[in-house]
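This report concerns only the one structure given below.
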Amino acid sequence: MDNAILQAIEGFIATPWVYVAVFVIAKLDAFFPVVPSETLVVTLGVFAAADGIPNLALIILFAALGAFAGDHISYFIGRKSGTRIYARLKPGSRTHKAYDRVGDMLKKRGGIVLIVARYIPGGRTAATLTTGATKYPLRSFSRYDAVAALSWAVYSAGIGYIGGRAFEHNPLLGVAVGLGLAVTIAGVHEGIRTLRERRAAARAETAD
């Protein structure tokens, strides 16, 4: 069964269509977050480590371009209907909290939030929609988003590549390890962020 899966995957990634797929899925994931673009990029990074196919640099390039294009679609959706989208969110839901969090961060730190939010669960779409809804300057948005998209692509493909190098004779295990690393790093980041917020809230209460 594993061999059949591997053969099917390897047959696809050996074609140029794999880069089209990376671009399209990364683009969709920017404003339709149920599409697992990070999983795909990590997986392709694993196979790139195993035998150099697909090309790691091209994976990063097309993933970054797709994310950049999708983020701009999300930005313009936010400009047109961001307020209505926010109003429909269920109060207290994870998505609602992500939007509130990103909105506060935008007020405090500006465009740098676009880079940070890409690594926060639910934050990527919230950040791009919110920047559009608040009429954040397009030129500044594009500049920060280019850094965010490229850093995300390098991170995701790099995590996969590390897993692939460690298990180059068992690509499926490499995929599992790569995805595990990505989830672990995201979880640690989220845990540290939550701890800092709680400490800051506690200090504010003490000061009052």
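Starting from the residue with the highest accessible area, list ILE112, ILE162, ILE120 in decreasing order, probe 1.4 Å.
Details: ILE112 70, ILE162 100, ILE120 10 Å².
In descending accessible area the options line up as ILE162, ILE112, ILE120.
What is the calculated FRET efficiency for ILE73 to THR15, with r their C-beta to C-beta distance and R₀ = 25 Å, to the nearest 0.05? Don't skip to the end; give the middle numbers.
On the way: r = 26 Å, r/R0 = 1.05.
Step by step, r from the Cβ atoms, then E = 0.40.
Any chance you could look up the accessible area of ASP51 with a 1.4 Å probe, heavy atoms only, rounded to 10 Å²?
Looks like 100 Å² after rounding.
The values are calculated or read from the model by the stated rules, or taken from the named source; none is laboratory data. As the structure is a prediction and not an experimental result, all values here were calculated from the model. With ideal geometry, Cβ positions are generated from the backbone for all residues, glycine too; neighbour counts draw on all protein chains shown. Each accessible area value is taken on the protein alone, full model and side chains, heavy atoms only, with ligands, DNA and RNA left out. Shrake-Rupley method; radii C 1.70, N 1.55, O 1.52, S 1.80 Å.
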